[in-house]
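**Student:** Could you have a look at this structure, given as structure tokens, before my questions?
The values are calculated or read from the model by the stated rules, or taken from the named source; none is laboratory data. The shown structure was predicted, so the numbers you read here are calculated from the model rather than taken from an experiment. Note that we place each Cβ from the backbone using ideal geometry, even for glycine, and neighbour counts take in every protein chain shown.
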Amino acid sequence: MSDAFDTPCALVIFGATGNLASLKLIPALFHLEQAGRLPDHLSIIAFSRRDWGDSEWRAHLREVLRDRISEQCPEATCEHFLSRFSYVKGEFQDPAAYARLLEALAQPRMGACSNVVFYLAIKPAEFPAVIKNLDEAGLNKPRGLHRIVVEKPFGEDLESAQMLNQMLHRSFNEEQIFRIDHYQGKETVQNLLVFRFANTLIEPLWNRNFIDHVQITVAESIGIDGRADYYDRAGALRDMLQNHMMQLLTLVAMEPPPALEPDALRDEKVKVLRSIRPITRKAVHAHAFRAQYAAGNIQGQSVPSYAQEAGVEKGSTTETFVAAKFYIDNWRWRGVPFYLRTGKRLKEQQSMIAIRLRHPPQQLFRETPLETLEPNWILLSIQPQESMRMEIHVKQPGLDMNTRLLQLHAGFRPMNERVLDAYEALLLDVIEGDRTLFIRFDEVEWAWRVVDPILKYWAQEREFIHTYAAGTWGPQEANRLFDAEDQEWRNGL
Ligand SMILES: NC(=O)c1ccc[n+]([C@@H]2O[C@H](COP(=O)([O-])OP(=O)(O)OC[C@H]3O[C@@H](n4cnc5c(N)ncnc54)[C@H](OP(=O)(O)O)[C@@H]3O)[C@@H](O)[C@H]2O)c1
């Protein structure tokens, strides 16, 4: 938490009329308003290119709130929220627009406060223009005070991420840069730390002696949602695996940090990424698998193939499904495979970490009707359910020695409690200057180092890509990554 002096007096949203702003940022800000968590003096400036003034912007805002906020808003709260906003029209490339922004920031409501958050809710291709113009307008000064928030994707490979970082650093110091990975704001993701480091029950099991393998799945049933211009260049590896899923992997695998401080936590995450065994060119086939969705059926609806989606380049080999296997070569994890899998148009929406424990060393029940015991699992579901479960065997009541598998369910929230959106927590952290849940550049860089060999290999293999029917759990061929015959993908809780 920062003191009042550090609390920003203005939040500038670049790309305020875009998707991210409407779907996530505005509803999150509104919920923070309702919860009384926005600083009284905070003004919000919407920066975009539409030829609007304050009143058109506020009409748009009302529509966004009507569509996105389910609960009834008390009139006074709504009015107060709307009154925080003003609109600055401008093209990102136009220096005159930044002069208008300077004027807006000098309005009386801002008082003597000069601490501003710039939120880049814009395409990465627009970052250079905005950063350069902020710099030239002097809006990055004094260095160290203003904050800048950048969305993923952070670069499209190791080299471009390094260049983007250098560009940012020419105008802003590292403490000013908040790289968002919204998975970090999800409560179950944060709960992973509590689950691991607040329960003595868990930590002794959390290593190669007890864990057979770890699976991390981020399955989406949606397609590319009209975003072919972005997705066809990115693909699943860049869009999901390099960022969200690598972050989940680090939280599962990291050592306890000495303190719950931003850099202590991030140091431990970086150590995990540095310990991942590099995938050589020759090993790519054994470690990674890609595929693209074909036409299929999702919840009774026919859906087209990826190749038929509007805007997808003819003959595109962009992957909409990726599965990969990583080894973390350290004392805790040596030899334990981490299987990561993500895809679009899969059977269900499901983000989950599934940890399979080893079989007991002794087959005590071999002579009983129990044949082989299923292994225990620990399941951490991130979405749509937020839950933690452990699967254990118990005796089935009756004369015979049979077992049944029970799920111990550490219910995480009562059914009727509102689910906090990740952006609420993250926006509040930006405002309060807490960088714990934001990504430091060396994390981004090491995550790119891990996936770069796969990207490079695939970039040269443009002739063919496997397919899977939409509405399934992905291609069978992805099973080839498993180290043992008894390992298989865990679909659902
Ligand atoms: N959408 C999501 O749910 C989501 C989730 C995670 C991360 N992200 C990331 O968030 C960023 C923004 O994504 P998005 O989906 O919100 O993009 P978007 O819908 O295309 O929004 C872009 C915004 O920038 C404005 N804009 C574009 N070019 C401009 C220019 N030259 N001058 C002034 N304004 C300009 C657009 O104005 P118009 O409205 O007039 O076009 C719009 O307000 C991307 O980095 C994306 O990867 C998005």
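**Student:** Report yes if A478 is in a helix (DSSP H, G or I), over 21 Å from the mean Cα position of the chain (by Cα) and on the phi < 0 side of the Ramachandran plot, otherwise no.
**Tutor:** Numbers: in a helix (DSSP H, G or I): yes; over 21 Å from the mean Cα position of the chain (by Cα): yes; on the phi < 0 side of the Ramachandran plot: yes.
Yes; evaluated as a whole, the condition is true for this residue.
**Student:** Follow-up question, since we're still on this one. Cβ-Cβ distance below 7 Å, separation of 6 or more or different chains: which pairs start in segment 37-50 with a residue that is under 16 Å from S22 (Cβ atoms) and in the same structural domain as V117 (by TED's automatic domain parsing) and end on one that is away from the ligand (no atom under 16 Å from the Cβ) and assigned to a loop (DSSP other than H, G, I, E, B)?
**Tutor:** Cβ pairs passing all conditions: I44/R84.
**Student:** Mind counting the residues in segment 124-161 that are at pLDDT below 95 and in a strand (DSSP E or B)?
**Tutor:** 1
**Student:** Output the qualifying pairs, or none if there are none: Cβ atoms under 8 angstrom, residues six or more apart or on different chains, first residue in segment 89-112 and at pLDDT 95 or above, second residue hydroxyl-bearing (S, T, Y) and within 9 Å of the ligand (Cβ to nearest atom).
**Tutor:** From residues that are at pLDDT 95 or above, the pairs are K89/S48; G90/S48.
**Student:** In this structure, is V218 within 21 Å of the chain's Cα centre (by Cα), over 25 Å from N133 (Cα atoms), part of a strand (DSSP E or B) and within 16 Å of the ligand (Cβ to nearest atom)? Please lay out each step first, then the result.
**Tutor:** Details: within 21 Å of the chain's Cα centre (by Cα): yes; over 25 Å from N133 (Cα atoms): yes; part of a strand (DSSP E or B): yes; within 16 Å of the ligand (Cβ to nearest atom): yes.
Yes.
**Student:** For A28, are the conditions met, namely being assigned to a helix (DSSP H, G or I) and either near the ligand (Cβ under 10 Å from one of its atoms) or in the same structural domain as V117 (by TED's automatic domain parsing) (or both)? Spell out how you get there, then give the answer.
**Tutor:** On the way: assigned to a helix (DSSP H, G or I): yes; either near the ligand (Cβ under 10 Å from one of its atoms) or in the same structural domain as V117 (by TED's automatic domain parsing) (or both): yes.
So A28 fits the description; yes.
**Student:** Among the listed residues R490, R413, R462, R449, which satisfies the condition of being assigned by TED's automatic domain parsing to the domain that holds T188, closer than 27 Å to E319 by Cα and surrounded by 12 or more Cβ atoms within 10 Å (Cβ to Cβ)? Write out each step before concluding.
**Tutor:** On the way: R490 fails: assigned by TED's automatic domain parsing to the domain that holds T188; R413 fails: closer than 27 Å to E319 by Cα; R462 fails: surrounded by 12 or more Cβ atoms within 10 Å (Cβ to Cβ).
Selected residue: R449, the only one of R490, R413, R462, R449 that is assigned by TED's automatic domain parsing to the domain that holds T188, closer than 27 Å to E319 by Cα and surrounded by 12 or more Cβ atoms within 10 Å (Cβ to Cβ).
**Student:** Now for a separate question. Against the definition (over 25 Å from N199 (Cβ atoms), surrounded by 21 or more Cβ atoms within 10 Å (Cβ to Cβ) and either at pLDDT 95 or above or touching a helix residue (DSSP H, G or I) at 6+ places or on another chain (Cβ under 9 Å) (or both)), how does Y327 come out, yes or no? Lay out the reasoning, then the answer.
**Tutor:** Working: over 25 Å from N199 (Cβ atoms): yes; surrounded by 21 or more Cβ atoms within 10 Å (Cβ to Cβ): no; either at pLDDT 95 or above or touching a helix residue (DSSP H, G or I) at 6+ places or on another chain (Cβ under 9 Å) (or both): yes.
No.
**Student:** Another question, then. Check every one of the strands (runs of 3 or more DSSP E) wholly within segment 235-353 and list those with 2 or more residues that are within 30 Å of F438 (Cα to Cα).
**Tutor:** Working: elements: 288-294, 296-298, 301-303, 321-327, 337-343.
Where strands (runs of 3 or more DSSP E) fall fully within segment 235-353 and carry at least 2 residues being within 30 Å of F438 (Cα to Cα), they are 288-294, 321-327, 337-343.
**Student:** Can you work out which of the residues in segment 354-385 that are within 18 Å of the chain's Cα centre (by Cα) and in a strand (DSSP E or B) is modelled with the highest pLDDT? Write out each step before concluding.
**Tutor:** Of segment 354-385, the ones within 18 Å of the chain's Cα centre (by Cα) are 354, 380-385.
Cutting the leftovers down to in a strand (DSSP E or B) gives us 354, 380-383.
On the way: A354: 97, L380: 94, S381: 91, I382: 90, Q383: 87.
Out of the qualifying residues, it is A354.
**Student:** If you don't mind, there's one more thing I want to ask. Whether any residue in segment 433-454 is of a type in the set (G, A, S), under 30 Å from P39 (Cα atoms) and either in a loop (DSSP other than H, G, I, E, B) or modelled with pLDDT under 95 (or both) is what I want to check.
**Tutor:** In the first step, residues of segment 433-454 are kept if they are of a type in the set (G, A, S); the result is 433, 447.
Then keep just the ones that are under 30 Å from P39 (Cα atoms); that gives 433.
From the residues that got through so far, the ones that are either in a loop (DSSP other than H, G, I, E, B) or modelled with pLDDT under 95 (or both) too are 433.
Yes - at least one qualifying residue is present in segment 433-454.
**Student:** Mind listing whichever residues of segment 177-200 are more than 16 Å from the ligand (Cβ to nearest atom), at pLDDT below 90 and not acidic (D, E)? Even if it seems obvious, please write down each step before you answer.
**Tutor:** Of segment 177-200, the ones more than 16 Å from the ligand (Cβ to nearest atom) are 187-188, 190-200.
Filter again for at pLDDT below 90, leaving 187-188, 190-191.
Listed by number, the residues that qualify are T188, Q190, N191.
**Student:** Could I ask something else about it? Take A46 and tell me if it is crowded, with 20+ Cβ neighbours inside 10 Å, in a strand (DSSP E or B) and within 12 Å of the ligand (Cβ to nearest atom). Can you show your working first?
**Tutor:** On the way: crowded, with 20+ Cβ neighbours inside 10 Å: yes; in a strand (DSSP E or B): yes; within 12 Å of the ligand (Cβ to nearest atom): yes.
Here the answer is yes, as A46 does meet what is asked.
**Student:** Just the residues that are within 26 Å of the chain's Cα centre (by Cα) and more than 14 Å from A121 (Cβ to Cβ), please, taken from segment 37-50.
**Tutor:** Passing the criteria: R37, L38.
**Student:** Further, regarding this structure: Return only the number of the condition from (1) modelled with pLDDT of 95 or more; (2) under 22 Å from the mean Cα position of the chain (by Cα) that I211 does not satisfy.
**Tutor:** The single condition I211 does not satisfy is (2).
**Student:** Moving on to the next point. Kindly provide the set of residues from segment 127-176 that are within 12 Å of the ligand (Cβ to nearest atom) and in contact (Cβ under 8 Å) with a residue 40 or more places away in the chain, ordered by number.
**Tutor:** Passing the criteria: F127, V130, N133, V149, E151, K152, P153, F154, G155, E156, L164.
**Student:** Select from segment 61-85 the residues that are surrounded by 15 or more Cβ atoms within 10 Å (Cβ to Cβ), modelled with pLDDT of 90 or more and either within 16 Å of the ligand (Cβ to nearest atom) or part of a loop (DSSP other than H, G, I, E, B) (or both) and list them in ascending order.
**Tutor:** Selection gives L61, V64, R84, F85.
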